[in-house]
Amino acid sequence: MALLRVENLSVTYHSNSGPLPVIERLSIKMDGGEILGIVGESGSGKSMLALAIMGLLSPKMTMRADYVNLDGEDLMKMDPAERSVYVASKAAIIFQESQSSLNPCFTIGSQLDETLALHQGGSRKYRKTRALELLDSVGILDPELLLKLYPHQVSGGMSQRAAIAIALACKPKLLIADEPTTALDVTIQAQILELLVNLSQAEEAGLMLITHDFALLSENTDRIGVIYSGLLMEHAATQNILKAPKHPYTKALLDSIPQLGDRHKKGSRLFALEGHIPPMSELPVGCRLGPRCPKAEKYCVKEQELITIENHGKVRCHLAQQPEKNDHKTLSGAQK
Amino acid sequence: MIRLFVRQMLMLLTSLMILTFITFGITRFFPQESLNHISSTSSQSNLLNEYIFYLEQIFNGNWGISQAHGTEVLDEFLTFFPATIELSVAALLFALIVGVPLGIFAAQNKNTWQDKFIVSTTLVGYSMPIFWWGMLLVLLFSLSWGLTPVASRLGFEYDILPVTGFMLIDTLLSDQPYAFEAFYDALHHLILPAIVLGTVPLAIFTRITRSSMIRVLRSDYIRTAKAKGLSQMRIIWVHALRNAMLPILTIVGLQISVLITGTLITETIFSWPGVGKWLLEAVHRRDYVTLHAGLLAIASIVVIINMLVEVLSFYANPKLRHKR
């Protein structure tokens, strides 16, 4: 039984000049204890995926889906109030800016206690012990003190840990981390990521890690979904994607990671995909990546479908079916 | 904490000092005979000596004898003052209790017709001349429909001994058999003046609450609160309002002076025996002694209340209270 099954999820933004697609027909599946990485550029719609699952889309956005099945219940069949209670009891989300995602007018203790009271209940004393346990489990050295502090009084890493503790307070089966480490410095980044991975393993909870940084995903995830312009471009096991990415966009993302030490070729420039992600109001004909794709050819003006590649996963590119002519390295060479 | 206290105290003293400079300066233009109580009679009188003597007299409660009534001005002020406080507090409560929820409602339904209706109505309320608005309400509610009394604080049939000067309290303290009826009557008398006086602050509170709430509702911590599965009620009234209240509190402080100025007109319309009406009559009678004392007292009260609100908003904001 899968923990999360999303089938044909579409999110539409109703702008003043008409509806715009944000996510189109996206399907993903996650099991308990699995770590799924979602990667894409800014504006690709990856955060919207998280918000859509959590039911936190702004009123100007609507979502449709065949089903969004979370721990055995279809969210699309629930009314909004019922749904928000159910989702909050099964899933939790951690945002990029932990400082601003905590309420500045309440202590961390009261914000943690509120969630505990809502989802676990119990006496004040019991909740206090649980709160201390939770803060301890996210690696806070003086939990007793942190309970009394306001969010602005603690550092970014500390408040992100507190935000994780608050997220864990509902004993989530699914933990969504939306760019959880982007606002932190590098050493704290590694700690927070390790913490998230360990916690999800300990609790057998699914972890959805959303980021623009492929390097973060490579070490920690079981599977990776690549999103571009609201479409799932490639979806496969992490080792397959790292070893042999099938979609030109995935290749481009991997090539844009700087290599340090011996792997870095002297004098070579870092690969960068030309152009920008197209605004939703000006989508290109055919493949969304078309105008930017280094391998674009005549056939790309047709709309691309997700195709299943054996021993790999799903790819939205007709070139993936053809025998591999150019390997991974020559793509960056072709750019020069 | 102590630093804040000292700073506020210094600011308060400075404001009051400037205030007394002004009132002292004004007295120089008054007819001489009206100021016998505060003019120094010593032979070597210079400006500084006179100012110090003036301060002494004011602090000793020697505010002079009213030219119109021949009674102590301080005593008169103390009789009229509670009525004004009662009216102002009622108006402030009315404005807050109606304005804040209205602002929240508008913010929640931003850009719908309800929101647009509220915003445009508040603009009308804000630009309404109070004297006209007051008379219109009296005409409708009191004269046409007979819902509320036309004027004064209490019906003539009740005889209530002034203890605190606050009619709502005095009626309850009274041991007359009709104490409760008198209380309701006093409440009845209070409603219309409070609405009239509270209209402008109501419009302002609604607008400030709306804009402050819209800003707060967009913030990340509200999204977190939703993700936690909290009820809509709790998100709005606890998480959002607590943050939205901070700018509202500052505006409340600034509105105090608007309220006090408003009493001059409102009390006259409703023959409300308060400081406002008392001062307006003093203007008509050229009662300089009363005017000078009233000006000084009201201005000092506004300054003091503003300082209290400042301290309050400091305590309400954890970011200021607990510096990292």
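The values are calculated or read from the model by the stated rules, or taken from the named source; none is laboratory data. For clarity, every value in this text was computed on a predicted model and none was experimentally measured. A quick note on method: Cβ atoms are made from the backbone with ideal geometry, for glycine too, and the neighbour counts reach across all protein chains shown.
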Taking the residues in the stretch A:291-310 that are within 24 Å of the chain's Cα centre (by Cα) and of a type outside the set (D, E, K, R) as candidates, determine which candidate is nearest to A:Thr250 (Cα to Cα). A:Cys293
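Residue-by-condition table, conditions (1) exposed (fewer than 15 other Cβ atoms within 10 Å of the Cβ); (2) more than 8 Å from every other protein chain (Cβ to nearest Cβ):
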{"site": "A:Asn69", "(1), (2)": "no, yes"}
{"site": "A:Lys77", "(1), (2)": "yes, yes"}
{"site": "A:Pro80", "(1), (2)": "yes, yes"}
{"site": "A:Ser98", "(1), (2)": "no, yes"}
{"site": "A:Ile108", "(1), (2)": "no, yes"}
{"site": "A:Leu112", "(1), (2)": "no, yes"}
{"site": "A:Leu118", "(1), (2)": "no, no"}
For A:Val138, are the conditions met, namely being within 14 Å of chain B (Cβ to nearest Cβ) and either in contact with a His (Cβ under 7 Å, 6 or more places away or on another chain) or β-branched (Val, Ile, Thr) (or both)? no
If we scan the stretch A:242-249, do we find a residue that is at pLDDT 75 or above, surrounded by fewer than 23 Cβ atoms within 10 Å (Cβ to Cβ) and more than 20 Å from A:Met30 (Cα to Cα)? yes
Given (1) within 13 Å of another protein chain (Cβ to nearest Cβ); (2) more than 27 Å from A:Arg161 (Cβ to Cβ); (3) outside any loop (DSSP other than H, G, I, E, B), number of the condition A:Met63 does not satisfy: (1)
Here are some conditions: (1) closer than 30 Å to A:Ser229 by Cα; (2) in contact (Cβ under 8 Å) with a residue 12 or more places away in the chain; (3) part of a helix (DSSP H, G or I). A:Asn69 meets all but one. Which one does it not meet? (3)
If a residue has to be hydroxyl-bearing (Ser, Thr, Tyr) and assigned to a helix (DSSP H, G or I) to count, how many in the stretch A:178-231 make the cut? 3
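Please work out if B:Ile298 is within 14 Å of chain A (Cβ to nearest Cβ), among the β-branched types (Val, Ile, Thr) and at negative phi. Write out each step before concluding.
On the way: within 14 Å of chain A (Cβ to nearest Cβ): no; among the β-branched types (Val, Ile, Thr): yes; at negative phi: yes.
Criteria not met by B:Ile298.
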Report yes if some residue within the stretch A:94-106 is over 26 Å from A:Gly40 (Cβ atoms), among the hydrophobic types (A, V, I, L, M, F, W, C) and more than 23 Å from the chain's Cα centre (by Cα); otherwise report no. yes
Looking only at the stretch A:201-213, which residues are within 14 Å of the chain's Cα centre (by Cα) and either surrounded by 24 or more Cβ atoms within 10 Å (Cβ to Cβ) or more than 19 Å from A:Asp185 (Cβ to Cβ) (or both)? A:Gly206, A:Leu207, A:Met208, A:Leu209, A:Ile210
Can you say whether A:Gly55 is buried (at least 20 other Cβ atoms within 10 Å of the Cβ), under 23 Å from A:Ser218 (Cα atoms) and not aromatic (Phe, Trp, Tyr), as far as the supplied structure shows? no
For B:Trp278, state whether it is more than 14 Å from chain A (Cβ to nearest Cβ) and outside any helix (DSSP H, G or I). no
Enumeration of residues in the stretch B:271-309 that are surrounded by fewer than 17 Cβ atoms within 10 Å (Cβ to Cβ) and charged (D, E, K, R): B:Glu281, B:Arg285, B:Arg286
Any chance you could count how many residues in the stretch A:24-49 are of a type in the set (S, T, N, Q), in a strand (DSSP E or B) and buried (at least 24 other Cβ atoms within 10 Å of the Cβ)? 0
Any chance B:Leu123 is of a type outside the set (Val, Ile, Thr), at pLDDT 85 or above, in the same structural domain as B:Leu197 (by TED's automatic domain parsing) and surrounded by 13 or more Cβ atoms within 10 Å (Cβ to Cβ): no
